[in-house]
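The values are calculated or read from the model by the stated rules, or taken from the named source; none is laboratory data. On a predicted model such as this, the values are computed, not experimentally measured, just so you know. Virtual Cβ from ideal backbone geometry, glycine too; neighbours counted across all protein chains shown. Keep in mind that these areas ignore ligands, DNA and RNA; they rest on the heavy atoms of the full protein, side chains included. Shrake-Rupley method; radii C 1.70, N 1.55, O 1.52, S 1.80 Å.
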Amino acid sequence: AKTQGRSRVCCYQPSMQLEVERRLALESDLRRAIEQNRLSLHYQPQVDAEGGIVGVEALLRWNHETRGGVSPAEFIPLAEESGLIIELGEWVLREACQCLQRLDADRLPRLSINVSPRHFSEPDFVACIERAVSGARIAPERLMLELTEGVLIDHLQDAVNKMQELKRIGVGLAIDDFGVGYSSLSYLRRLPLDELKIDRSFVQDLDDTNDAAIVQTIIAISQHLALDVVAEGVETDQQLTLLIASGCSRFQGYYFHRPMSLSALGEVLLAPHC
Ligand code: C2E
Ligand code: CA
Ligand code: CA
Ligand code: CA
């Protein structure tokens, strides 16, 4: 509806109350959705320049009884505020490990999951990851955790310690949406990272010289620190060409694959790539 667009910025009391009610309803629905298993994961492959699949990112989906698909961009922040994100994160972790167990390493080399800062800051987060990985008997390096710069803001040293423990377990660590957060280049060296993911917003505006310069800088830094770099949100041939010219070698985006169901992923992983 029109009222949900930009005009909301200048809204008045009644619509604010509606918004609050809507959020409360959504929150209790989300609680129920977790219990009733109405959540699922979709999977988006990451590819190399030849289109070969090098990894997959798991993305949460909520199929609401009446509202249909609710975007994670809408319900993740809600789940963060209410604390439901912990349960949600544990559910995603279990599902991801099951998926890794079902599809062997030849077909599915690695699976990345998104970790919310709030879940990461739980005292037993590392133990939780360790239990999940050893319970599913999967090689830990096949599980990749995508953290955002948000996990580093409050207690950098705590976060670094936790990341080191996670590396001892053997899981992979990536910084997601790199470049949009508080992105201090100085902390990067201190982090036991495997991968940087260039935020989609930079890829989308690659024809802007500033954004192109940022992307090139991120790629140069990654190479310097021996990190893999994945460009997100690649949609066009032109973007891909520019990224390749800048030295990027891993890509994720609609140009290659949209997020898909587990069964569709199974088929894509079986198909010989050319
Ligand atoms: P993200 O981690 O940056 O995930 C990438 C988002 O970009 C996904 O949106 C994906 O569908 C979308 N995308 C991929 N390729 C393209 C492209 O070529 N063009 C465009 N326009 N979009 C593309 P999605 O699935 O709606 O997820 C939104 C955000 O919700 C994610 O951003 C992530 O921050 C969060 N999220 C999703 N699943 C989870 C989860 O399991 N746990 C947590 N904590 N957050 C999640
Ligand atoms: Ca992500
Ligand atoms: Ca991202
Ligand atoms: Ca993002």
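In what order, largest first, do Lys167, Lys162, Lys197 sit by accessible area if the probe radius is 1.4 Å?
Lys167, Lys162, Lys197
Out of the total accessible area of the range 1-154 (probe 1.4 Å, heavy atoms of protein only), what percent is carbon and sulfur?
That fraction is 50 percent.
Checking understanding here: applying a Kyte-Doolittle mean of at least -0.5 and a length along the axis of at least 18 Å (C-alpha), which whole DSSP H helices in the chain pass?
Those that clear 18 Å and a mean of -0.5 are 84-102, 209-224.
Using mean Cβ contacts within 10 Å as the protection proxy, how do 79-88, 92-101 order, highest first?
Sorting 79-88, 92-101 by mean packing, highest first, produces 92-101, 79-88.
If you average the C-alpha positions of the range 209-274 and of the range 115-137 separately, how far apart do those two centres end up, in angstrom?
First find each Cα centre; the distance between them is then 27 Å.
Rolling a 1.4 angstrom probe over the protein heavy atoms, how many square angstrom per residue are accessible across the chain?
52 Å²
Counting other Cβ atoms within 10 Å, keep those with at most 14, restrict to DSSP loop, and tell me which GluC sites (Glu not before Pro) in the range 217-274 are left.
Taking the range 217-274 and a limit of 14 other Cβ atoms within 10 Å, the loop GluC sites (Glu not before Pro) found are Glu235.
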